[in-house]
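The values are calculated or read from the model by the stated rules, or taken from the named source; none is laboratory data. In this text, all values refer to a predicted model and were calculated from it rather than measured experimentally. Cβ coordinates were reconstructed from backbone atoms using ideal geometry, including for glycine residues, and neighbour counts include every protein chain displayed. Ligands, DNA and RNA are stripped out before the accessible areas are found, and what is left, the full protein with its side chains, is counted by its heavy atoms. Shrake-Rupley method; radii C 1.70, N 1.55, O 1.52, S 1.80 Å.
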Amino acid sequence: MNVLEVKNLSKKFENIEVIKDVSFSVKEGETLVILGPSGSGKSTLLRCINNLEKIDSGNIIINEKEMIKEYKNNKLVYNDKEILNKINLDTGMVFQDFNLFPHLSVKENITISLINVLKMSKEEANKKADEVLEKMDLKEKENSYPCDLSGGQKQRVSIARVLAINPKIICMDEPTSALDPELVGEVLKTIKQLSKENRTMIIVTHEIKFAEEVADRVIFMDGGIIVEEGKPEEVIKRPQKPRTKEFLKRYINFEVNDLKELDIEENEPREVIEFFKEISDIPRESGNEERIRDYLVNFAKERNLEYYTDKYFNVIIRKEASEGFENEEILGFQAHTDMICEKIEGSTHDFSKDPIKLYQDGDFITANGTTLGADNGIGVAYMLAILDSNKIKGPKIECIFTTQEETTMIGAKEIDESQIKCRKMISLDNGKQGKMVISSANCMEWFGEIKTEKIDLLENDLTLFELTYSNFIGGHSGGNIGDIKRGNPIKLGIEVIENIDEIYIQSLEGGSRVNVIPRDFKICFWARENEYGKMKEKVNKQIRFYGEDVNIKLNRSDIKLGRENNEKDIENELYENNDINIKENNKQKEIRKVYSKNITKKIINFVNSFVNGAIEYDDNNNVVLSANFAAAKCLENSVRFEYSLRANNLKLRDKYLENLRKIEKENDIKISWEQELKGIEPDFENELVKKCSIIYKEIFDEEMELKISQGVVEGGFFKYKIEDLEYVCIGPNTFDVHSPKERVSIKSMQVTWEYIKKIIFS
Ligand code: ADP
Ligand code: MG
């Protein structure tokens, strides 16, 4: 039987809909967990169910009693007081911040509503209180006051209080988020116990592991809607919707008890895995490569190998040719020693001193809650195994270990090229077996600014609009730029307002870093009310194209400039999340500070003329020219843009640059920062590319795919310094690099090891 039915529930605060047509039900004895980011409407939903907020439409049916009696002239009418009172007794709520009466003892906190609401006698109430306090293991605290209790005890009192009333449904709104971490456990344990007793519960929580254990069903909410619903093992372990995945990424990871330590004896290629284990013991965050440098130098000394190192902690180690190979050309390998250091929330791993322990999850080597450093520790391990082996016959080998690849690329940038002897170099920094990168992008990055000064908007009859974009997929401006469904919110926002004549931008902000595709954008501007229709049409078209997982909102305040009494409303619309009443005045003035029409036009025109996304492709459909309008932001005296260009083909690049310079000039963009990262133009015919492709085909009976990458690789710097260098980039399959889910396939490591050995011995 359903004890709760929520039907098409909608709820607005000051015209902003925070619950949008939500429907679901809860069966008797069921534990429902609601997950979702902050502001998604979870608390509001619980408050509506508990009749602590009035709803705007739909209905809530609790224990077969309807909260809304009827709709009269399109207006909803709440049920009679008698019925509502009964409904109220059927639900109980546990709040994040306990809501205990500070002036009452623990016991009185429980008896007060039993006496006042349930009309129990004092005796009866005391008896009931004893019972629930016993159950909550709080008997000895009955005469204490809330201020003398720990957070965990306070929360258990507030659970006891709800239990005493014995409602049909117990709602809990983040019951542990106000607690010190060490007290969370006791409260979760109590709740788990209740859930086992077959009580009907709705719990909002961010304790994902607990949710997984306790929930019969999980609802994931975002932006006032139910995005995904199902069993915990579905929604939490295998979320289907991008929004759910994105949210859970912060919490979910491999748990130690699911993982077993990597058994080196049991896996091949053992010699490579052994070295990977050794270097995983050495902390090697980008910029912190001294210890790994020392390790490499020792490695070379112990084996009497020729080595070189420099002040950037780059290391080059060479091994002589085997007998019979003395006349062969020297062969180079390259990998970077540094790694990205990311960990899950709550991880105590200290990247500056803790070793990374290796675990095995099926075919994968992983770390536990941290990045693994397979990017590019696996490459380093291969090189060490090559240098260490006296079984592998072949030419003189030169291994180049570089530093800070993940941040400044300073190792590759600054290495002394006269120390590099090879003219054929195989980088091991690729994460896809069967694909070989033969070309990387030349990447140019800029910060451009338009000088601005804000003016007071004097025009009457203008309306303030707010256009927001969020939840776009984003991604890397090199790897992901070809995917048009990712969109660019900054470009999309400007597109909506491009043709408006009478317009003043008040503020704008979007995007994050220059090498990241922006995921959000917000622009506030004044324009005529009657522009709304046309803008809304464009927005709707965008929503249709980018789908339900992105958020695009065009808000219009009802207020025209000059009507003082309504200013508070503008305020609320614009700063909806400010719960504290800010000293309103300044903010109100702020809203009328705008960019002049001329500046506004320049901003719009520049963003609009900027040709963005994947621009040119080669015959195999590889992107060879792309641009990313990465960020826009208002500063004190300017609006700053960040944008970049990636080109595998310099002719195409120069043509694009010509146009970019023109629009920069037209719109008075002043370049305040620029950098150029060197690329490698595609060369399908060089000997190294051919050799590596042929050997791959021989071993795997499959064509090696030659990849033109829009990414930047260290090889670009080597190639820039050494014109006749041939460079390719290979490696085993790695997944989710740069994230705590990073893992490398053991099988693929083995296959790639065979491949590398074959390249050396041939
Ligand atoms: P959650 O619990 O998921 O964090 P809430 O239900 O608290 O989300 O809030 C949903 C949205 O409603 C937020 O944008 C919040 O700012 C807004 N909101 C909540 N309560 C009020 C209120 N009393 N007045 C105005 N806006 C509110
Ligand atoms: Mg909340």
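Taking the stretch 175-207 as the range and being buried (at least 20 other Cβ atoms within 10 Å of the Cβ) and within 16 Å of ligand 1 (Cβ to nearest atom) as the test, the residues that pass are Pro175, Thr176, Ile202, Ile203, Val204, Thr205, Glu207. Screening Ala211 on (1) touching a strand residue (DSSP E or B) at 6+ places or on another chain (Cβ under 7 Å); (2) under 30 Å from Lys553 (Cα atoms) shows it passes everything except condition (2).
Glu726 meets the conditions (1) open to solvent by 70 Å² or more (accessible area, probe 1.4 Å); (2) over 21 Å from Asn488 (Cβ atoms); (3) not aliphatic (A, V, I, L, M) in every case but one. The failed one is (1). Selection of the stretch 84-99 for residues being aliphatic (A, V, I, L, M) and open to solvent by 30 Å² or more (accessible area, probe 1.4 Å) yields only Leu89.
Restricting Glu246, Glu234 to those that are surrounded by 15 or more Cβ atoms within 10 Å (Cβ to Cβ) and within 24 Å of the chain's Cα centre (by Cα) reduces the list to Glu246. Does the stretch 499-507 contain at least one residue that is under 16 Å from the mean Cα position of the chain (by Cα) and either assigned by TED's automatic domain parsing to the domain that holds Gly711 or in contact (Cβ under 8 Å) with a residue 12 or more places away in the chain (or both)? Checked against the condition, which is being under 16 Å from the mean Cα position of the chain (by Cα) and either assigned by TED's automatic domain parsing to the domain that holds Gly711 or in contact (Cβ under 8 Å) with a residue 12 or more places away in the chain (or both), the stretch 499-507 yields no hits at all. Taken over the stretch 278-304, the criterion of being open to solvent by 30 Å² or more (accessible area, probe 1.4 Å) and more than 25 Å from Asp354 (Cβ to Cβ) is satisfied by Lys301, Glu302, Arg303, Asn304. Screening the candidates Glu548, Glu576 for the property of being within 16 Å of ligand 1 (Cβ to nearest atom), modelled with pLDDT under 85 and closer than 17 Å to Tyr469 by Cα yields one hit, Glu576. If you filter the stretch 432-441 down to residues that are crowded, with 21+ Cβ neighbours inside 10 Å and in contact with a helix residue (DSSP H, G or I) (Cβ under 9 Å, 6 or more places away or on another chain), you find that the one that is farthest from Arg646 (Cα to Cα) is Gln433.
Of all residues in the stretch 360-387, those that are at positive phi have Cβ atoms under 6 Å from Cβ atoms of residues that are modelled with pLDDT under 95 and among the charged types (D, E, K, R), 6 or more apart or on another chain, in Gly369/Lys343. Counting only strands (runs of 3 or more DSSP E) that sit completely within the stretch 311-388, those holding 1 or more residues that are β-branched (Val, Ile, Thr) and out of contact with any Gly (no Cβ under 6 Å at 6 or more places or on another chain) correspond to 315-319, 364-366. Close Cβ contacts (under 7 Å, 6 or more residues apart or on different chains) running from residues in the stretch 527-543 that are farther than 14 Å from Glu502 by Cα to residues that are open to solvent by 70 Å² or more (accessible area, probe 1.4 Å) comprise Lys538/Glu495. Residues in the stretch 272-310 that are farther than 23 Å from His738 by Cα, in contact with a strand residue (DSSP E or B) (Cβ under 7 Å, 6 or more places away or on another chain) and assigned to a helix (DSSP H, G or I): Leu296, Val297, Ala300. Return the only residue of Asp180, Asp148 being farther than 21 Å from His103 by Cα, away from ligand 2 (no atom under 16 Å from the Cβ) and modelled with pLDDT under 95. Checking each option against the conditions leaves just Asp180. How many residues are more than 33 Å from the chain's Cα centre (by Cα), closer than 20 Å to Glu197 by Cα and either touching a residue at least 40 places away in the same chain (Cβ under 8 Å) or within 16 Å of ligand 1 (Cβ to nearest atom) (or both) if we restrict to the stretch 152-162? Residues in the stretch 152-162 being more than 33 Å from the chain's Cα centre (by Cα), closer than 20 Å to Glu197 by Cα and either touching a residue at least 40 places away in the same chain (Cβ under 8 Å) or within 16 Å of ligand 1 (Cβ to nearest atom) (or both): 6 in total.
Please go through (1) away from ligand 1 (no atom under 16 Å from the Cβ); (2) open to solvent by 10 Å² or more (accessible area, probe 1.4 Å); (3) among the hydrophobic types (A, V, I, L, M, F, W, C) for Val18 and return the number of the only condition it doesn't satisfy. So the condition that Val18 fails would be (1). Name the residue that is nearest to the chain's Cα centre (by Cα), counting only residues in the stretch 43-83 that are open to solvent by less than 10 Å² (accessible area, probe 1.4 Å) and within 16 Å of ligand 2 (Cβ to nearest atom). Looking at the filtered set, the residue picked out is Leu45. The residues on offer are Lys454, Lys485, Lys491, and the sole one that is modelled with pLDDT of 95 or more and either under 28 Å from Ile599 (Cβ atoms) or open to solvent by 10 Å² or more (accessible area, probe 1.4 Å) (or both) is Lys491. Residues of the stretch 501-519 being closer than 22 Å to Val594 by Cβ and either open to solvent by 70 Å² or more (accessible area, probe 1.4 Å) or outside any strand (DSSP E or B) (or both), which ones? If the condition is that a residue be closer than 22 Å to Val594 by Cβ and either open to solvent by 70 Å² or more (accessible area, probe 1.4 Å) or outside any strand (DSSP E or B) (or both), then Asp501, Glu502, Glu509 are the ones that fit.
At least 1 residues being in contact with a strand residue (DSSP E or B) (Cβ under 7 Å, 6 or more places away or on another chain) is the threshold, and among the helices (runs of 4 or more DSSP H) wholly inside the stretch 63-157 those reaching it are 81-90. Among residues of the stretch 168-186 that are hydroxyl-bearing (Ser, Thr, Tyr), those with a beta-carbon under 9 Å from a residue that is within 16 Å of ligand 1 (Cβ to nearest atom) and open to solvent by less than 20 Å² (accessible area, probe 1.4 Å) at least six positions away or on a different chain give the pairs Thr176/Thr205; Ser177/Thr205.
Restricting to the stretch 10-41, and then to whatever is more than 16 Å from ligand 2 (Cβ to nearest atom) and part of a loop (DSSP other than H, G, I, E, B), can you tell me which residue is farthest from Glu228 (Cα to Cα)? Going through the qualifying residues, I end up with Glu14.
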